[in-house]
Structure formats: structure tokens, C-alpha cells
Amino acid sequence: MNKENNQELGFQTRAIHVGNEPDAATGAIENSIYMANSFVLPYDPSTMNWSASEANIYTRNGGVNQGFLEKKIANLEGGEDCVVLASGVAALSALFFTELKKGDHVIFSNVTYIATYRIFHELWTKKWGIETSIVDTTDLEAVKAAIKPNTKLIHFETFGNPTNCVTDMAAIVKLAHEKGLLVSVDNTFASPYNVRPLEFGVDFVVESLTKYINGHGDSMGGAIIGPKEEMDKVRYQAQVNIGGCISPFNAWLIARGATTFPLRMEVHNKNAQAVAEWLDRQPCVSFVAYAGLKNFKGHEIAEKETKHGYGAVLCFGLKGEHDLYNRVVTHLNIFTSAVSLGNAGSLIVFLGEDDERMYLYPQEFHNGFYRVAIGIEDTEDLINDLKQAFIAEGLEVQD
């Protein structure tokens, strides 16, 4: 079968087969790891473009395993083309580097990954002369009011990290395209299993492949998905000439992880929904932020945008003082105190009252909160682990 596209096939089938062809030399039915950093040149290489990515020249220009992975990710996102780089932040930086120039204005969400906040709030404004505005992108009128004659791009996340805020993609895209603006979305929290922003008209999607698509907490990578013409610009400007290329081994690991990605996401979604609902019933919990809860602001929009579930990251607060958060964590046996998300194992991190971006978050977050990345363990074990940790600190618990 033609494994390059086949959008009529199921998501799981495509996750397994797209970008994976039997090896012509050995007959192996799974892709090998091509660790070479350089490739044999043609008879007369004198006319070659050494910054090109169309042929195998040098792995910074594009590696064999990178190419396999790019086909798979583009297909799963429903995009024309994809560029895979060394990390999610490398992908964000490459997209912004390629699409923006001095004097451009960017509107970005008040709730984003810390590196995005740093890029737009600190680094690029000072180093590159990019003008930026931090805006609550869940408020369409606020976005409208922030648009200037030099606005080039609107950037937000599905869902916002860490508060899980939900931006109406269709509304933002309509507004942006009427004004001739680009829209980019970081889809890491939701993943293409749950949300496919390109179907809503978004111009560019960024994924941290480190997270759900890899799923094993053992490699890093990032992807940009969009029109081929623009992805070729990213390859030339950012990949080849800035050099945030992915290693062949990491590309291979992520491609391997991606084959089970849909199966894992089904469990991530189920577990997170159950844990969020349990937390929402607890007298000792001050709030729960998860788009799958019907009482969560943005749930109705999320319901329209999602296909299978609401991802596996949630936040919650406790009714208690600062160190209570730290003490509860010491009693946990299944949850690990660590950053990141998308791992098979559940992770938890306490973010205190003095977080530099706390002023941008809803009021309920201001006394500190947990960000929890729910894994694929047995649901009952996750709930019981939280339950016994709460009880160990004398907190009131309800079944």
C-alpha cells in the first residue's frame, strides 16, 4: 500500500505504518538507525547547494531517520509537510526565526510554556526588535484590541500550559486571516490524537515530540507542521543554518514511540478524566483546572475542538499553607516529583506563589498549585496514591 498518505485509514494504523518501509538492502520490516553524519556525494558535486535538504548530504541538512519521522508526524497532524528538530523549543524558535523579522508584532497567550514566554517577553524583544503583546487569547475582544498595523502572528496553545485555558481556534483563525495574520498553535498538551489544529485553519502547528508522541521519557524532539513551501524555508533558514537538528537515534526512538501513541493517549485521557473528577470532589482541594470537567471555563469550546479526550495534564490547589504541598509529595509512591509530561509514569510538580508568571494566571492559582501529568498506570492506583498522601497529612478525603 502507499504509506505516504492514506488519510482514509485509521489513526492507529497510520501511526504504525506511515514513515515505516521495509529496508531494501536487508529486508528488515522496521526502520534501522542511520547514525551516519555524512553521505556519499554524486560524481560531480561542484554544483550542489550545500544548504539544501532535498538529498542526503549531511545530517544537519536532514537525516534519514528524521525524514521517516517527518512523514509520520505530518500525516498524523493532517499537514502537508513537517520539519522535525532537536526539541520542542528548537521547533518553536525555528518557526519564529523563519516567519518573523525586525519590526514585526506578535500577540501571544498569557498562558504559555516558559520558553515561549522567555522568547517573546524577554529575548526576541531585546535581541531582534520583535514587538510583542501578552494577551488572554481566550478573550476574542482582547485579541482584536491588541492587533496593530505591524502584527504578523498570533500564537497560543491547546491547552494552555499550565492552566489548561482553552482558546477558540476557529474564532482566532477567522479574525487573524481577515487581517492577513498568521496563526501558530503549540499542540503539545492536547496532542494530535485529541486536537488537530490544522483542521481549524491554523497555519502552523508545533509539537514537543518529547512528550506524548514519544511517550517514554527517554528522548527529545520537536516538530513544526505546515505548508511545504514554508517548511522548506524552515529547513533552509533555521535547520541548516542555525542547526537545531535532531539526532538519528532520537528520531528513531520517537518514531518507535509514535506507533503506540494513540493507544497510550486513550489511557492518558481516561486516567486524567477520572483523577480530575475525583479531585474535584475533595473537600481539601481548592480548585481543579482540567478541560474535561464540565464546570471548567472553556469546557464547551474544548468539547468542540477535541476528538477523543482532553489530554492528561491537570492542575489543582490545596486548602493549606505553602509547605503542605511539599509534605504531601513526600507521601506519594506512584507519582514522581519531576517536570515534563507524556511519560508512561505520572509526574507532579509544585509551583509556588512566587512564580514569576503567577500574575498572568487566574486568581485561584495565586496561592500555589500542583501541575500533574497523569500517566498510564491503573486508574485506581493513581487515585489511591493521592488519597493516602492526603490522609497522611490529615486532609479530609471523600470517596
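Any read-out appearing in this document is the output of simple, stated calculations on the displayed coordinates, not a laboratory observation. Note that the structure is predicted; figures quoted are calculated from it, not measured. All Cβ positions, even for glycine, are placed from backbone atoms using ideal geometry, and neighbour counts span all protein chains on display.
Take TYR113, TYR236, TYR290 and order them by how many other Cβ atoms sit within 10 Å, fewest up front.
Numbers: TYR113 21, TYR236 16, TYR290 26.
Least crowded to most crowded, the residues run TYR236, TYR113, TYR290.
Among 97-110, 347-360, what's the highest-first ranking by average C-beta atoms within 10 angstrom per residue?
Per-residue mean Cβ counts within 10 Å order the peptides as 97-110, 347-360.
Which percent of Cα pairs goes in each bin when the distances of the stretch 194-287 are cut into 5 angstrom slices starting at zero?
All Cα pairs considered, the percentages come to 3, 11, 15, 17, 17, 14, 9, 6, 4, 3, 1, 0.
Using alpha carbon centroids, what distance separates the stretch 314-329 and the stretch 162-218, in Å?
30
For Cα extents along the principal axes in Å, the choices are [x] 65, 42, 33; [y] 76, 54, 36; [z] 59, 50, 38; which was calculated from the structure?
Label [y] holds the value from this structure.
If one takes the longest principal axis of the Cα atoms in the chain, at what angle in degrees, from 0 to 90 and to the nearest 10, does the Cα axis of helix 379-392 lie?
Tilt relative to the chain: about 40 degrees.
With n ≥ 4 as the cut-off for DSSP H runs, can you work out [θ] at 222 nm for the chain, using -39500 (n - 2.57) per run divided by the number of residues, rounded to the nearest 500?
The per-residue figure over the chain is -9500 deg cm²/dmol.
Helix 322-331 sits at what angle to the longest principal axis of the chain, using alpha carbons and giving 0 to 90 degrees rounded to 10?
Result, in degrees: 80.
When all C-alpha to C-alpha distances in the stretch 261-392 are sorted into bins of 5 Å, what percent of pairs does each bin hold, rounded to whole numbers?
Result, from short to long distances: 2, 11, 20, 25, 21, 14, 6, 1 percent.
Starting from the Cα of TYR236, step 7 Å along the direction of its Cβ; do the same at MET358; then give the gap between the two resulting points in nm.
In this crude spin-label approximation the distance works out to 4.8 nm.
With a point put 7 Å past each Cα toward its Cβ, work out how far VAL397 is from ALA24 in nm, to one decimal.
6.0
By the scheme Lys and Arg +1, Asp and Glu -1, what is the net charge of all other residues having a beta-carbon under 14 Å from that of LYS148?
Taking every Cβ under 14 Å from that of LYS148, the sum is +1.
Which entries of LYS144/LYS179; LYS233/LYS304; LYS101/LYS127; LYS101/LYS126 show an alpha-carbon separation above 21 angstrom in the structure shown?
Those over the limit are LYS233/LYS304.
Nearest 5 is fine: what % of DSSP beta bridges in the chain come out antiparallel, could you say? Please list the in-between numbers first.
Working: 23 of 42 bridges.
Once the DSSP bridges in the chain are tallied, antiparallel ones form about 55 percent.
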